[in-house]
């Protein structure tokens, strides 16, 4: 099912959670909403689910207005960060809940419910836990049960709010892969919220980067990583070195030194140069970023150097790896050549 | 200072002070609770079994026990329903005066029971603010068993409210949202999700209100009318027997009430441990 969001606005008192969001989600997509806390990503997810209502804007499922329908009528599976399992019910009854509360006309009989729950517990590989209570499960198991419960009603969309946020790093990694393969298996349109860029880039087909209630960029993981559309995206995704520069006369200046890089269409005026650590190389003098070597370590074939770049008012300390065949000395002034970079107006 | 827990070498417990606190606990509980209660049982041994049986099965005693237990149960049942409704309103809605209402719930805890009894009596007397309109409908409250029932509701309500309230506050609204997104209507959410989560607390509150109402004396005697066999509660009968210097009679009735109270408390504990096994505290 496709989801279309048009100009969504949502305010909580004086706080603007969503400030005009437009988004189209294709059928069968696995989409990540990525952003820092307070960026509006969870609010957006809750509005799609019908757990919150926008102050303005439209939500369309397959072109149909979804805002006239409540959460229960949207056929949306929602997975909460803290699982929200029913503590007084067994795992089996948790998964069966959505089937038991269906209107009598379409409700399955007991045998049908049992078969469906069994099928779902097999899908999440936890059929052996059917008679346990949620409090007897680990975090990762609970989250998989929460997912099975959400899938029981055969949702047209699956929404996951920070699904792995409460889990430890190892379990999180396993569940990520598992979620990807599950999505390939059931292929239901899925949207998940995360503040973890690694998670978004690894799991999703497409990533929506949000900040302060607005969408900053929509793109594939490779696109948002390699070609960030805004300064925010560049600094939020991956590690970036940010240096104050000046663009004028078709050249990029650090102080009074012209760099041998092209402004790439950046507007003249004070700007910021964004470079990733691994996109810089020690180069022969002539228009690179100048810095002095502070500290050196050697790991096998590479040497790792802490280099203090002088740009603007202060120093920026960066750590780069260089081949050992170009030995460096502590205190030596070197030039670093950015091989890939972005310039955004300050 | 080391506390010897077990083993020949006297392993030290990671939590110090076990010996001291255990000693204080036992001493204190003995002085305050166990010795007086043991005295009660010993006093009843002055009676032969036949005498004891005769006293507790006499018409007046049985009626007093029936009135105390029956009305206390009914009052606790009313408190169960109304208490849950009050908790729901106090926890889930924001309305002007909410904090004042919240404080009002505690008044029956704090008010001297005699004051409560006198206030209720004058309110429900035939010329009272509530008594007069009720009298026109032919309902007489003060000086009837109905008056006892009203006083028992009054003193029991905070027990249900204060037991259920923290549990409802802790109940995550996310589970209601989860239920709603799974297609549950409001009735399903209440009956299948919220109430089952609250049931252990509700039952505990009910048992506490019940136990309190059984033992209630101060507020009831003013409004009850205290007619033997009609509106005489068991605690009053005990006081009457004492004033007649029939101490053994008094203690015989007291022992029956004590055993009942013990059974109720035992039931409360069972409910709590059952609930805790099912929903461990994290």
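The values are calculated or read from the model by the stated rules, or taken from the named source; none is laboratory data. Computed from a prediction, not measured in an experiment: that's the story for all the values here. Cβ coordinates were reconstructed from backbone atoms using ideal geometry, including for glycine residues, and neighbour counts include every protein chain displayed.
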Quiz item: In region A:17-53, which residues are more than 14 Å from chain B (Cβ to nearest Cβ) and assigned to a helix (DSSP H, G or I)?
Solution: A:41, A:44
Practice problem: Would you mind stating whether residue A:129 is under 22 Å from residue A:49 (Cβ atoms) and away from every other protein chain (no Cβ under 12 Å)? | Solution: no
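Yes or no, residue by residue, for (1) more than 8 Å from chain B (Cβ to nearest Cβ); (2) touching a strand residue (DSSP E or B) at 6+ places or on another chain (Cβ under 6 Å); (3) at pLDDT below 90; (4) farther than 20 Å from residue B:191 by Cβ:
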position: A:72; (1), (2), (3), (4): no, no, yes, no
position: A:80; (1), (2), (3), (4): no, yes, no, yes
position: A:88; (1), (2), (3), (4): no, no, yes, no
position: A:92; (1), (2), (3), (4): yes, no, no, no
position: A:97; (1), (2), (3), (4): no, no, no, no
position: A:103; (1), (2), (3), (4): yes, no, yes, no
Quiz item: How many residues does region B:56-115 hold that are assigned to a helix (DSSP H, G or I) and more than 19 Å from residue B:162 (Cβ to Cβ)?
Solution: 18
Quiz item: Just a yes or no: is a residue in region B:127-150 touching a helix residue (DSSP H, G or I) at 6+ places or on another chain (Cβ under 9 Å) and within 20 Å of residue B:203 (Cα to Cα)?
Solution: yes
Exercise. State yes or no: is residue A:59 within 23 Å of residue A:146 (Cβ to Cβ) and either facing chain B (nearest Cβ under 9 Å) or crowded, with 20+ Cβ neighbours inside 10 Å (or both)?
Key: no
Practice problem: Only strands (runs of 3 or more DSSP E) wholly contained in region A:206-276 count here; list those with 1 or more residues that are surrounded by fewer than 22 Cβ atoms within 10 Å (Cβ to Cβ) and without any contact (Cβ under 8 Å) to a residue 24 or more places away in the chain. | Solution: A:214-219, A:241-248, A:251-254
Self-check item: Members of region A:102-118 found to be out of contact with any helix residue (DSSP H, G or I) (no Cβ under 9 Å at 6 or more places or on another chain) and part of a helix (DSSP H, G or I), listed by number
Solution: A:110, A:111, A:115
Quiz item: In region B:180-191, what residues are part of a helix (DSSP H, G or I) and within 7 Å of another protein chain (Cβ to nearest Cβ)?
Solution: B:180, B:181, B:188
